[in-house]
Amino acid sequence: MEAEAWRPRPEMDQAIRTWMKSQGLPVDATRYYSDDEVYAWRHELPSGSPTLWISRPVLEEHDAAALVAGLERLGVAGRMRDAPKARFLVVDEDQQLRLTPWRHGPHLGQ
């Protein structure tokens, strides 16, 4: 499968969509950034679109329930609401989910 066509497993995608909807951020668009191996779920708003960015290794190596629990533990929804233009990336560091700034594109440092 070519990199541009990669998608998370259907059960993972559905778990993320359900979680975002429960946070009042229903998913309007998704995108895979093949160069960075990052998948994004975006909720469109005129004032800035909160987007959940998750690294491909996290999506491949964690189960959906554990990932959703990690998003809750990390307070991701609140961060997305507080800074809708910020790029926080969910990564795995030493088998622990972490939230780190994603230095991608023109929004470096946001």
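Counting only residues that are in a helix (DSSP H, G or I) and not aliphatic (A, V, I, L, M), how many does the range 1-40 have?
10
In the range 62-69, is there at least one residue being touching a residue at least 60 places away in the same chain (Cβ under 8 Å), within 11 Å of the chain's Cα centre (by Cα) and at negative phi?
no
Within the range 19-37, count every residue that is of a type in the set (S, T, N, Q), modelled with pLDDT of 95 or more and surrounded by 12 or more Cβ atoms within 10 Å (Cβ to Cβ).
So the answer is 2.
Just to be sure I understand the filter: pairs with C-beta atoms under 7 Å, separated by 6 or more residues or on different chains, first member in the range 86-108 and closer than 20 Å to Gly75 by Cα and of a type in the set (A, V, I, L, M, F, W, C), second member surrounded by fewer than 13 Cβ atoms within 10 Å (Cβ to Cβ) and modelled with pLDDT of 90 or more. Which pairs pass?
Listed by first residue and then by second, the contacts come to nothing, as the list is empty.
Specify the residue that is surrounded by the most Cβ atoms within 10 Å (Cβ to Cβ); the eligible residues are those in the range 45-60 that are part of a loop (DSSP other than H, G, I, E, B) and touching a strand residue (DSSP E or B) at 6+ places or on another chain (Cβ under 9 Å).
Out of the qualifying residues, it is Pro50.
Which ones in the range 41-52 are farther than 17 Å from Ala64 by Cβ and touching a Phe, Trp or Tyr at 6+ places or on another chain (Cβ under 8 Å)? Before you say what the answer is, go through the steps one by one.
Filtering the range 41-52 for residues farther than 17 Å from Ala64 by Cβ gives 42-51.
Passing the criteria: only Thr51.
Look through the range 14-55, keep the residues that are over 20 Å from Leu97 (Cα atoms) and polar (S, T, N, Q), and return whichever of them is farthest from the chain's Cα centre (by Cα).
My answer is Ser47.
The values are calculated or read from the model by the stated rules, or taken from the named source; none is laboratory data. The model shown is predicted, which means the values in this text are computed figures rather than measured ones. Note that we place each Cβ from the backbone using ideal geometry, even for glycine, and neighbour counts take in every protein chain shown.
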